[in-house]
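The values are calculated or read from the model by the stated rules, or taken from the named source; none is laboratory data. All values derive from a computational prediction rather than experimental measurement. All Cβ positions, even for glycine, are placed from backbone atoms using ideal geometry, and neighbour counts span all protein chains on display.
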Amino acid sequence: MDPAVERLRAAQRGAAALFDDVIGRGLIRPGRLESEVSAEIFTLARERHGVRRHWHKRIVRAGPNTMLGYDEDSDDLRIAEDDVVFLDFGPVFDAWEADFGRTYVLGHDPRKHQLVHDLAEAFRLGKELFERTPQLSAGELYDYVAGLAAPRGWEFGASTAGHPIGHFPHERPITAQTRPLSIQHGNDLSLREPDSQGAVRHWILEIHFIDRTRRFGGFYEELLSC
């Protein structure tokens with residue numbers, strides 16, 4: 001077995017445990033600012049989960065901010081009653097990166113709870129396609145998971161749906177002319193092509209569905225390739 005696999009899986013388990021701790025401690029509740037929740041996640045990760053480094057910024061988004069992509073700036077919103085909140089964080093465990101995203105619903109709105117279900121289903125279907133298609137390209141996977149949104153009543157909310165992950169810091173494109181290391185439309189890079197050092201390249205898959213009319217969305221991400 002690729003020695004990186006268990007390290008990456010262990011990092012993902014650590015990130016999942018952090019998310020469960022956030023929920024279990026009630027950090028997500030009405031009236032709190034996104035920034036307040038993010039700061040408490042940072043403290044919780046350090047004090048209870050041994051996290052000293054995060055390889056990307058923590059994202060806590062609520063309400064209409066859940067329609068925004070990773071690089072989009074947003075106002076610092078207060079979590080409302082019956083809101084949707086998603087978390088995206090990238091803690092580093094023993095020099096191995098995790099990238100973990102989940103959506104949490106306050107209240108009982110059935111459509112919002114359906115969103116959580118549909119995000120997980122889309123991830124599962126994307127992973128199944130990857131596992132049964134040895135020559136799958138990044139562009140083909142993007143088109144597939146993006147195409148899962150509309151039949152379920154959603155819009156796919158991002159121009160990318162994943163990226164490599166690994167030992168910190170993970171592989172980056174060498175030049176501007178290098179094929180992008182991202183799951184995006186038109187990218188013919190094989191998801192099983194080795195990295196620049198000849199090692200197995202591991203990937204994160206990201207699913208972002210939005211309801212533009214009702215102004216909310218959700219996010220789900222974790223390891224795709226191991």
Among all residue pairs at least 6 apart or on different chains, which show Cβ distances below 7 Å where the first residue, located in the stretch 16-38, is on the phi < 0 side of the Ramachandran plot and the second is surrounded by fewer than 13 Cβ atoms within 10 Å (Cβ to Cβ) and of a type outside the set (S, T, N, Q)? ASP21/ARG48; PRO30/GLU81; LEU33/ASP76; GLU34/ASP76; SER35/ASP76
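Kindly evaluate ASP82 against the criterion of being acidic (Asp, Glu), at pLDDT 95 or above and on the phi > 0 side of the Ramachandran plot.
It is true that ASP82 is acidic (Asp, Glu), at pLDDT 95 or above and on the phi > 0 side of the Ramachandran plot.
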Just to be sure before I move on: is PHE42 at pLDDT below 95 and under 15 Å from ILE207 (Cα atoms) in the structure I sent? no
Considering each residue of the stretch 70-128, count those that are among the hydrophobic types (A, V, I, L, M, F, W, C), over 18 Å from the mean Cα position of the chain (by Cα) and either buried (at least 21 other Cβ atoms within 10 Å of the Cβ) or within 21 Å of ALA138 (Cα to Cα) (or both), and give that number. 1
Residue check for ARG9: touching a residue at least 24 places away in the same chain (Cβ under 8 Å) and not in a helix (DSSP H, G or I): no
Among the residues of the stretch 192-209, is there at least one that is surrounded by fewer than 12 Cβ atoms within 10 Å (Cβ to Cβ) and over 26 Å from ALA11 (Cα atoms)? no
Is it true that ASP21 is outside any helix (DSSP H, G or I) and touching a helix residue (DSSP H, G or I) at 6+ places or on another chain (Cβ under 7 Å)? no
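I need a count of the residues in the stretch 51-74 that are assigned to a loop (DSSP other than H, G, I, E, B) and at pLDDT below 95.
Here the count works out to 9.
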Positions within the stretch 183-226 being closer than 21 Å to LEU148 by Cβ and of a type in the set (Val, Ile, Thr), in sequence order: ILE183, ILE204, ILE207, ILE210, THR213
Matching residues in the stretch 131-149 (surrounded by 15 or more Cβ atoms within 10 Å (Cβ to Cβ), within 14 Å of TRP203 (Cα to Cα) and more than 17 Å from the chain's Cα centre (by Cα)) number 3
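Conditions tested, residue by residue: (1) within 20 Å of ALA122 (Cα to Cα); (2) at pLDDT 95 or above.
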{"position": "THR160", "(1), (2)": "yes, yes"}
{"position": "HIS167", "(1), (2)": "no, no"}
{"position": "PRO173", "(1), (2)": "no, no"}
{"position": "GLN177", "(1), (2)": "no, no"}
{"position": "GLN184", "(1), (2)": "yes, yes"}
{"position": "ASP188", "(1), (2)": "no, yes"}
{"position": "ARG192", "(1), (2)": "no, yes"}
{"position": "ASP195", "(1), (2)": "no, no"}
{"position": "GLY198", "(1), (2)": "no, no"}
Taking the condition farther than 29 Å from ARG13 by Cβ and in contact (Cβ under 8 Å) with a residue 60 or more places away in the chain, does ARG78 pass? no
